[in-house]
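Read through the structure below, which is laid out as structure tokens, and then see the notes.
The values are calculated or read from the model by the stated rules, or taken from the named source; none is laboratory data. Because the structure is predicted, anything quoted here is derived from the model rather than measured. Counting neighbours? That spans all protein chains shown, and the Cβs are built from the backbone with ideal geometry, glycine included.
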Amino acid sequence: MMKLLRKQMLLCSILFLVFTLSACSAIGQTDENNLTDSATSAEKTVSVVRGTITPTVSTQTTIVPAVPFIISSPENGIFNTAVELEEKITAGQIIGTVNGKELKSPVDGTITSIAPSNESVPSNYPVAIVHYTGFALNVEADNFLSTLPEYAELKAKFQVYDGVGPTDMIAVVSPAADENAFTGIVPQEGILQCLISQTVDVKSGQSATVVITATTRNDVLILPLSVIAGRKGTGLVTVITPNGERVETKVTLGVTDGANIEILSGLEEGDVVSATPPNLDPRGI
């Protein structure tokens, strides 16, 4: 009888211990879920900071024979030529001057068109066309160019798919729309022609990735591209005020490196912005 009573008491103790541990585990799990729900419900934000940004555009395109490119006047003035039609020139050679400012060829080539000396020309007028015998990669860069000053210094690298690279381009130039007549020739709007050195072993039709960069901008306001609705010129962000109010705010946009973008106006350093752009519902993220 005593043995039976002891077994019953031991069984009750075991059952009580199992129940207690299960209850503790359930409470702990509930607390953990509450913390998770709280973290999930907290909106992610980013702050406007000052930093550096290198204007960048990249794309995949195809290697093609280079077309003649344009040397344009940097300002209104009088053009004086230093070369002759069909003359072969070298990289860095002076083609002419406008108001005394020297215009140089970025590569070896042949002059296929040249404006007359002592000619009055407007800013951006094509004063010469140079033919480069080699290959190139053409990049549509209208948005990229719209954020840069005129005659910004551009550099580029390319990587051939399953081939050579990364390799520096020898020049980034504006291609000519028509090489047969000088009058009325203008650059192909928004197109940049990245010239490949004749010493690099490539051929027409090869696919390549090209990355073009401009001069790095320092001490500018920066935000991630992902938090902004809109890209060209203006955009919208959701500012989170110190009291938690959400304010949709218009911003003026500058250059981008593909991940971050320059903020020209609309925000100040330290402003807190929702990580979700205004055109998306944060509850669905």
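Against the condition surrounded by fewer than 15 Cβ atoms within 10 Å (Cβ to Cβ), at pLDDT below 90 and small (Gly, Ala, Ser), how does Gly233 come out, does it pass?
When the stated conditions are applied, Gly233 passes them.
Considering the range 149-165 alone, what residues qualify as being touching a residue at least 24 places away in the same chain (Cβ under 8 Å) and part of a loop (DSSP other than H, G, I, E, B)?
Glu150, Tyr151, Ala152, Glu153, Leu154, Tyr161, Gly163, Val164, Gly165
Can you tell me which residue in the range 145-190 is modelled with the highest pLDDT, limited to those that are surrounded by fewer than 16 Cβ atoms within 10 Å (Cβ to Cβ), farther than 23 Å from Lys101 by Cβ and among the hydrophobic types (A, V, I, L, M, F, W, C)?
Out of the qualifying residues, it is Val164.
Regarding the range 131-143, can at least one residue be identified that is outside any strand (DSSP E or B), touching a strand residue (DSSP E or B) at 6+ places or on another chain (Cβ under 7 Å) and modelled with pLDDT under 95?
Residues of the range 131-143 that are outside any strand (DSSP E or B), as a first pass: 132-134, 141-143.
Pick out the ones that are also touching a strand residue (DSSP E or B) at 6+ places or on another chain (Cβ under 7 Å) and you get 132, 134, 141.
Cutting the leftovers down to modelled with pLDDT under 95 gives us 141.
Within the range 131-143 (the criterion being outside any strand (DSSP E or B), touching a strand residue (DSSP E or B) at 6+ places or on another chain (Cβ under 7 Å) and modelled with pLDDT under 95), the answer is yes, since at least one residue qualifies.
Quick one: which of Val202, Val255, Val227, Val220 is closer than 30 Å to His131 by Cα and touching a residue at least 60 places away in the same chain (Cβ under 8 Å)?
Every option except Val202 fails the conditions.
Restricting the search to the range 234-266, which residues are part of a strand (DSSP E or B) and among the aliphatic types (A, V, I, L, M)?
Listed by number, the residues that qualify are Leu236, Val237, Val239, Ile240, Val247, Val251, Leu253, Val255, Ile261, Ile263, Leu264.
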